[in-house]
Amino acid sequence: ERPPHEHLSEREFQVFLMLAQGANVGEIAEDLSLSVKTVSTYRTRLMEKLHLDSNSDLTYYALKNNLIQ
């Protein structure tokens with residue numbers, strides 16, 4: 001069984017890493033040339049797929065799985 005983060009799309013994973021490193025939705029939208037609404041949708045989807053409730057849960061997950069330092 002693969003870890004949950006391996007089931008994310010490439011863009012979801014990109015947004016996931018940026019959120020885990022402390023970027024907010026507006027910053028991510030600007031960096032990736034997306035709308036805030038689109039980034040929010042990615043965030044919602046990845047939170048559901050990873051069964052997480054908050055950005056702090058997301059950061060903890062990324063640290064625990066050695067996805068960020």
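Figures for the structure shown
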| quantity | calculated |
| --- | --- |
| Ellipticity estimate at 222 nm from DSSP helix runs (n ≥ 4, -39,500 (n - 2.57)) divided over the chain, nearest 500 | -19500 deg cm²/dmol |
| Accessible surface of the chain, 1.4 Å probe, proportion on carbon and sulfur as whole % | 46 percent |
| Accessible area per residue in Å² at 1.4 Å probe, computed on the chain | 65 Å² |
| Zero-based 10 Å bins, Cα pair distances in the chain, whole percents | 22, 60, 18, 1 |
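The values are calculated or read from the model by the stated rules, or taken from the named source; none is laboratory data. Note that the structure is a prediction, hence the values are computed from the model and not measured. Protein only, heavy atoms only, side chains kept; ligands, DNA and RNA dropped before computing areas. Shrake-Rupley method; radii C 1.70, N 1.55, O 1.52, S 1.80 Å.
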